[in-house]
1. Could you check how many residues of the stretch 92-109 are touching a strand residue (DSSP E or B) at 6+ places or on another chain (Cβ under 6 Å) and of a type in the set (Gly, Ala, Ser)?
2. Looking at the stretch 7-14, can you tell me whether even one residue there is open to solvent by less than 80 Å² (accessible area, probe 1.4 Å) and free of Cβ contacts under 8 Å to residues at least 24 places away in the same chain?
3. So, in the stretch 66-91, how many residues would count as being closer than 30 Å to Ala37 by Cα and in contact with a strand residue (DSSP E or B) (Cβ under 8 Å, 6 or more places away or on another chain)?
4. Restricting to the stretch 15-34, name every residue that is part of a loop (DSSP other than H, G, I, E, B) and surrounded by 21 or more Cβ atoms within 10 Å (Cβ to Cβ).
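The values are calculated or read from the model by the stated rules, or taken from the named source; none is laboratory data. Because the structure is a prediction, the values reported are computed rather than measured. Here the Cβ is made from the backbone with ideal geometry for all residues, glycine too, and neighbour counts use every protein chain on show. Each accessible area value is taken on the protein alone, full model and side chains, heavy atoms only, with ligands, DNA and RNA left out. Shrake-Rupley method; radii C 1.70, N 1.55, O 1.52, S 1.80 Å.
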Amino acid sequence: IMKDRQCSPCTAPSYSDDGLTCKQCDGDGQYNDIDGASSCKSAPAGHKPISETDRTGIVACPGGTSSIGGETNCISCGEGKYSEEGAVGCSTCATCAAGRYVTNACSPTSDTVCGDC
């Protein structure tokens, strides 16, 4: 991109696909972590851009959330489900079998733990 008659690369999180104008990586799940890029990257499964306003990298989805990829925000696990950090999806909480009891209830970040009676 020309600035004061000198070419300079677009700085992250922007990119240029025509060599003339810098465009922002602001689409769903988009980010860019390098200067001079010709396109944006898409957040992989289990990750999201750092924030809605900081798209210079990605972070893992925190426990209790998940992402299938290409999303700006991680989705919360619903009632009766849990996930660990960087999850692609949420898992259903276990139930204790007959003759066992709950020692630790299911939470958004951990499964049910059962003990023997």
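1. Adding up the residues that qualify gives 0.
2. Yes, the conditions are met somewhere in the stretch 7-14.
3. Of the residues in the stretch 66-91, 13 are closer than 30 Å to Ala37 by Cα and in contact with a strand residue (DSSP E or B) (Cβ under 8 Å, 6 or more places away or on another chain).
4. Cys25, Gly29, Asn32 - these are the residues of the stretch 15-34 that are part of a loop (DSSP other than H, G, I, E, B) and surrounded by 21 or more Cβ atoms within 10 Å (Cβ to Cβ).
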